[in-house]
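Data block below; observations after.
The values are calculated or read from the model by the stated rules, or taken from the named source; none is laboratory data. Since the structure is predicted, the reported quantities are computational estimates derived from the model, not experimental observations. We place every Cβ from the backbone using ideal geometry, glycine too, and count neighbours over all the protein chains shown.
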Amino acid sequence: MATIKFTPRPMPVLTELRPMYKICQALLILHLCGHGSKCSLVKLHLMHWAMKSPRRMETMILAAQLGQISLPVWGFDPALSIALQLAFRDGLIEATTTGFKLLPKGQQMVTDIMSDGTVMADEKATLSKIGRKITESMVKTISKEWE
């Protein structure tokens, strides 16, 4: 009978799949796109989905300029939900009745990210272009079309 020998080797994980990266994305969305550093879960998923490709981000920038989102559907990433749970347990965010809010510890982390020009530069630039122009009511309107 043959014997299988297994030697564990380090396996690199893509940056986009690392929990810390997703936590930082969520914190940036709350800070740059949320009113009072708060966002609904649906808005967090929408913005996170858009951050996965430059074309999607351009669509969101256009939606922010027009004041209307014209997406038939977008994805909900379970990894973002896990990242939000980890951020909650680490005291970076808190759950509200409508979504999530940055806490002082999370705000400090955002300040550190924003002050370093080499960290998440593309994400900061595109989210800054959108800013708070994508409102919760816009997100609610587009998500009602799913029903």
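A few remarks follow.
- Subset of the range 35-57 [of a type in the set (D, E, K, R) and modelled with pLDDT under 95]: LYS52, ARG55, ARG56
- Filter pass, ARG18 being over 12 Å from the mean Cα position of the chain (by Cα), of a type in the set (Lys, Arg), exposed (fewer than 15 other Cβ atoms within 10 Å of the Cβ) and farther than 23 Å from ILE130 by Cβ: yes
- Among the residues of the range 55-96, the ones that are touching a residue at least 24 places away in the same chain (Cβ under 8 Å), closer than 25 Å to LYS133 by Cβ, part of a helix (DSSP H, G or I) and not small (Gly, Ala, Ser) come to 6 in all.
- Some residue of the range 97-116 being assigned to a helix (DSSP H, G or I), in contact with a strand residue (DSSP E or B) (Cβ under 7 Å, 6 or more places away or on another chain), free of Cβ contacts under 8 Å to residues at least 24 places away in the same chain and more than 21 Å from THR15 (Cβ to Cβ): no
- Pairs where the first residue, in the range 120-147, is under 12 Å from MET47 (Cβ atoms) and the second is at pLDDT 95 or above and of a type in the set (D, E, K, R), C-beta under 6 Å, 6+ apart: VAL139/LYS43
- Extreme residue, surrounded by the fewest Cβ atoms within 10 Å (Cβ to Cβ), among residues of the range 51-92 that are polar (S, T, N, Q) and within 18 Å of TYR21 (Cα to Cα): SER53
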